[in-house]
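The values are calculated or read from the model by the stated rules, or taken from the named source; none is laboratory data. Quick caveat, the model's predicted, so the values are computed rather than measured. In this analysis, Cβ positions are derived from the backbone assuming ideal geometry, glycine residues included, and neighbour counts consider all displayed protein chains. The protein model used for the area step is the full one, side chains on, heavy atoms only, and it has no ligands, DNA or RNA in it. Shrake-Rupley method; radii C 1.70, N 1.55, O 1.52, S 1.80 Å.
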Amino acid sequence: MSILKSLASLVFKADWVPHQICAASLLIMMGIGAADVILGNLIGFRPAGTVDISQALFVAAVFLALPHVVRQRAHIRVDIALHFLPARVTRILGCVADAISILVYLALAWAMWDLFASSWRMNEQSLSTVTFPIYPLKLAAFLALVLTALISLVQLLSRSPWEMPVPPEEPASAESETTGGA
(Lines give C-alpha, C1' and ligand atoms only; values in the text may rest on other atoms or scores of the structure.)
Protein backbone atom coordinates (compact mmCIF):
# COMPACT_ATOMS: atom_id res chain seq x y z
CA MET A 1 0.00 0.00 0.00
CA SER A 2 1.36 3.39 -0.90
CA ILE A 3 2.11 6.08 1.64
CA LEU A 4 -0.61 8.30 0.18
CA LYS A 5 -3.24 5.57 0.55
CA SER A 6 -2.15 4.91 4.13
CA LEU A 7 -2.29 8.62 4.94
CA ALA A 8 -5.68 8.96 3.25
CA SER A 9 -7.07 6.02 5.19
CA LEU A 10 -5.80 7.42 8.50
CA VAL A 11 -7.01 10.97 7.84
CA PHE A 12 -10.42 9.84 6.59
CA LYS A 13 -10.89 7.60 9.64
CA ALA A 14 -9.90 10.49 11.91
CA ASP A 15 -12.76 12.50 10.39
CA TRP A 16 -15.27 10.26 12.21
CA VAL A 17 -14.49 11.61 15.71
CA PRO A 18 -15.11 15.33 15.11
CA HIS A 19 -18.17 14.47 13.02
CA GLN A 20 -19.71 12.54 15.94
CA ILE A 21 -18.84 15.29 18.43
CA CYS A 22 -20.43 17.81 16.05
CA ALA A 23 -23.63 15.74 15.94
CA ALA A 24 -23.69 15.48 19.73
CA SER A 25 -23.12 19.25 20.03
CA LEU A 26 -26.07 19.94 17.76
CA LEU A 27 -28.27 17.52 19.68
CA ILE A 28 -27.35 19.09 23.02
CA MET A 29 -27.84 22.57 21.58
CA MET A 30 -31.34 21.63 20.38
CA GLY A 31 -32.18 20.16 23.80
CA ILE A 32 -30.98 23.27 25.61
CA GLY A 33 -32.91 25.53 23.25
CA ALA A 34 -36.08 23.46 23.57
CA ALA A 35 -35.81 23.39 27.38
CA ASP A 36 -35.28 27.14 27.44
CA VAL A 37 -38.34 27.86 25.29
CA ILE A 38 -40.65 25.29 26.89
CA LEU A 39 -39.75 26.11 30.49
CA GLY A 40 -39.80 29.83 29.78
CA ASN A 41 -43.27 29.71 28.25
CA LEU A 42 -44.83 27.21 30.64
CA ILE A 43 -43.55 28.29 34.04
CA GLY A 44 -41.57 31.44 33.33
CA PHE A 45 -38.24 29.83 34.26
CA ARG A 46 -35.30 30.17 31.92
CA PRO A 47 -32.30 27.94 32.78
CA ALA A 48 -29.10 29.88 33.40
CA GLY A 49 -26.39 29.93 30.77
CA THR A 50 -28.47 28.59 27.89
CA VAL A 51 -27.38 31.30 25.46
CA ASP A 52 -23.67 31.00 26.27
CA ILE A 53 -23.69 27.21 26.16
CA SER A 54 -25.62 27.22 22.88
CA GLN A 55 -23.20 29.72 21.35
CA ALA A 56 -20.20 27.64 22.41
CA LEU A 57 -21.77 24.46 21.04
CA PHE A 58 -22.61 26.23 17.78
CA VAL A 59 -18.99 27.31 17.31
CA ALA A 60 -17.84 23.77 18.09
CA ALA A 61 -20.34 22.31 15.63
CA VAL A 62 -19.22 24.60 12.81
CA PHE A 63 -15.52 23.83 13.17
CA LEU A 64 -15.98 20.12 13.91
CA ALA A 65 -18.21 19.68 10.84
CA LEU A 66 -15.58 21.20 8.53
CA PRO A 67 -13.38 18.09 8.08
CA HIS A 68 -16.37 15.95 7.10
CA VAL A 69 -17.72 18.57 4.71
CA VAL A 70 -14.35 18.93 2.99
CA ARG A 71 -13.82 15.16 2.88
CA GLN A 72 -17.20 14.70 1.18
CA ARG A 73 -16.50 17.71 -1.07
CA ALA A 74 -19.87 19.05 0.06
CA HIS A 75 -18.74 22.64 0.44
CA ILE A 76 -20.15 25.43 -1.69
CA ARG A 77 -18.69 25.64 -5.17
CA VAL A 78 -19.36 28.31 -7.76
CA ASP A 79 -19.25 26.27 -10.93
CA ILE A 80 -21.48 28.32 -13.21
CA ALA A 81 -18.82 28.54 -15.93
CA LEU A 82 -16.91 25.29 -15.41
CA HIS A 83 -18.95 23.34 -17.94
CA PHE A 84 -17.72 25.73 -20.67
CA LEU A 85 -14.07 24.88 -19.95
CA PRO A 86 -12.10 21.85 -21.17
CA ALA A 87 -11.88 18.95 -18.71
CA ARG A 88 -8.12 19.42 -18.19
CA VAL A 89 -8.56 23.12 -17.29
CA THR A 90 -11.33 22.17 -14.86
CA ARG A 91 -9.01 19.63 -13.18
CA ILE A 92 -6.18 22.16 -12.95
CA LEU A 93 -8.54 24.71 -11.40
CA GLY A 94 -9.63 22.03 -8.92
CA CYS A 95 -6.01 21.49 -7.91
CA VAL A 96 -5.48 25.24 -7.54
CA ALA A 97 -8.63 25.46 -5.39
CA ASP A 98 -7.39 22.58 -3.21
CA ALA A 99 -3.99 24.28 -2.77
CA ILE A 100 -5.60 27.60 -1.83
CA SER A 101 -7.91 25.77 0.58
CA ILE A 102 -4.93 24.16 2.30
CA LEU A 103 -3.30 27.56 2.76
CA VAL A 104 -6.51 29.08 4.14
CA TYR A 105 -7.08 26.19 6.58
CA LEU A 106 -3.49 26.39 7.79
CA ALA A 107 -3.70 30.17 8.23
CA LEU A 108 -6.91 29.75 10.23
CA ALA A 109 -5.30 26.98 12.28
CA TRP A 110 -2.31 29.21 13.01
CA ALA A 111 -4.61 31.99 14.21
CA MET A 112 -6.71 29.55 16.23
CA TRP A 113 -3.58 28.20 17.93
CA ASP A 114 -2.73 31.72 19.07
CA LEU A 115 -6.29 32.16 20.37
CA PHE A 116 -6.11 28.80 22.15
CA ALA A 117 -2.72 29.55 23.73
CA SER A 118 -3.89 32.94 24.96
CA SER A 119 -7.12 31.44 26.32
CA TRP A 120 -5.18 28.65 28.05
CA ARG A 121 -2.71 31.05 29.69
CA MET A 122 -5.45 33.24 31.15
CA ASN A 123 -7.79 30.29 31.89
CA GLU A 124 -10.54 32.05 29.94
CA GLN A 125 -14.03 31.30 31.25
CA SER A 126 -17.48 32.10 29.91
CA LEU A 127 -19.06 35.20 31.39
CA SER A 128 -22.47 33.71 32.14
CA THR A 129 -23.83 32.56 35.48
CA VAL A 130 -22.80 29.04 34.49
CA THR A 131 -19.07 29.37 33.88
CA PHE A 132 -17.12 26.92 31.77
CA PRO A 133 -13.65 27.09 30.20
CA ILE A 134 -13.42 28.42 26.65
CA TYR A 135 -10.00 27.03 25.70
CA PRO A 136 -11.20 23.45 24.97
CA LEU A 137 -13.44 24.84 22.22
CA LYS A 138 -10.52 26.73 20.72
CA LEU A 139 -8.33 23.63 20.89
CA ALA A 140 -11.05 21.58 19.17
CA ALA A 141 -11.36 24.23 16.45
CA PHE A 142 -7.57 24.21 15.95
CA LEU A 143 -7.46 20.40 15.67
CA ALA A 144 -10.41 20.40 13.27
CA LEU A 145 -8.69 22.97 11.05
CA VAL A 146 -5.46 20.95 10.99
CA LEU A 147 -7.42 17.80 10.11
CA THR A 148 -9.26 19.72 7.39
CA ALA A 149 -5.94 20.90 5.93
CA LEU A 150 -4.65 17.30 5.96
CA ILE A 151 -7.80 16.07 4.21
CA SER A 152 -7.40 18.78 1.57
CA LEU A 153 -3.73 17.82 1.13
CA VAL A 154 -4.64 14.17 0.62
CA GLN A 155 -7.30 15.19 -1.89
CA LEU A 156 -4.83 17.39 -3.74
CA LEU A 157 -2.14 14.70 -3.85
CA SER A 158 -4.59 12.07 -5.04
CA ARG A 159 -5.87 14.29 -7.85
CA SER A 160 -3.82 14.42 -11.01
CA PRO A 161 -4.45 17.52 -13.09
CA TRP A 162 -2.98 15.91 -16.21
CA GLU A 163 -4.75 12.57 -16.47
CA MET A 164 -8.26 12.11 -17.73
CA PRO A 165 -10.54 10.82 -14.98
CA VAL A 166 -11.98 7.36 -15.45
CA PRO A 167 -15.77 7.62 -15.49
CA PRO A 168 -17.36 5.57 -12.71
CA GLU A 169 -19.17 2.43 -13.70
CA GLU A 170 -22.90 2.71 -13.49
CA PRO A 171 -24.36 0.37 -10.90
CA ALA A 172 -26.74 -2.27 -12.13
CA SER A 173 -30.30 -1.19 -11.58
CA ALA A 174 -32.50 -3.11 -9.17
CA GLU A 175 -34.85 -3.99 -12.04
CA SER A 176 -32.15 -5.71 -14.10
CA GLU A 177 -31.03 -7.70 -11.06
CA THR A 178 -34.50 -9.01 -10.27
CA THR A 179 -35.50 -9.76 -13.85
CA GLY A 180 -32.18 -11.20 -14.86
CA GLY A 181 -31.44 -8.24 -17.12
CA ALA A 182 -34.49 -8.79 -19.32
Q: Output the peptides 51-58, 117-124, 139-146 sorted from most to least packed, where packing is the average of other Cβ atoms within 10 Å over each peptide's residues.
A: 139-146, 51-58, 117-124
Q.
Quick check for me: using +1 on Lys/Arg Cβ and -1 on Asp/Glu Cβ, what's the dipole size of the range 33-149 about its Cα centre, in debye to the nearest 20?
A. 380
Q: Could you tell me which of V78, A117, L106 has its Cα farthest along the dipole of the chain towards the positive end, charges placed at Cβ (Lys, Arg +1; Asp, Glu -1), taken about the Cα centre?
A: A117
**Q.** For the range 1-91: rounded, prolate or oblate by the Cα gyration tensor [a/c cutoff 1.5]
**A.** oblate
(Q) When a/c reaches 1.5 or more, the comparison of a/b and b/c decides; with that in mind, is the range 111-163 rounded, prolate or oblate per its Cα gyration tensor? (A) prolate
**Q.** Percent carbon-and-sulfur accessible area, the chain, ignoring ligands, DNA and RNA, probe 1.4 Å
**A.** 71
Q: Name the residues whose placed amide hydrogens come within less than 5 Å of the amide hydrogen of I134, ignoring near sequence neighbours (fewer than 5 apart) on the same chain.
A: E124, Q125, S126
Q: Could you tell me the distance between the Cα centroids of the range 4-60 and the range 96-135, to the nearest Å?
A: 17
Q: Would you kindly find the accessible area of C22, with a 1.4 Å probe and non-protein molecules such as ligands, DNA and RNA excluded, rounding to the nearest 10 Å²?
A: 10
Q. Can you give the helix-only mean residue ellipticity at 222 nm for the chain, where every DSSP H stretch with n ≥ 4 adds -39500 (n - 2.57) and the sum goes over all residues, rounded to the nearest 500 deg cm²/dmol?
A. -24000 deg cm²/dmol
Q. Leaving out ligands, DNA and RNA but keeping every protein chain, what accessible area does L108 have, in Å² rounded to the nearest 10, with a 1.4 Å probe?
A. 90
Q. Separation between the R73 and S118 pseudo-spin-labels, each 7 Å from Cα along Cα→Cβ, expressed in nm?
A. 3.8
**Q.** Surface accessible to a 1.4 Å probe, per residue, for the residues of the chain, Å²
**A.** 67
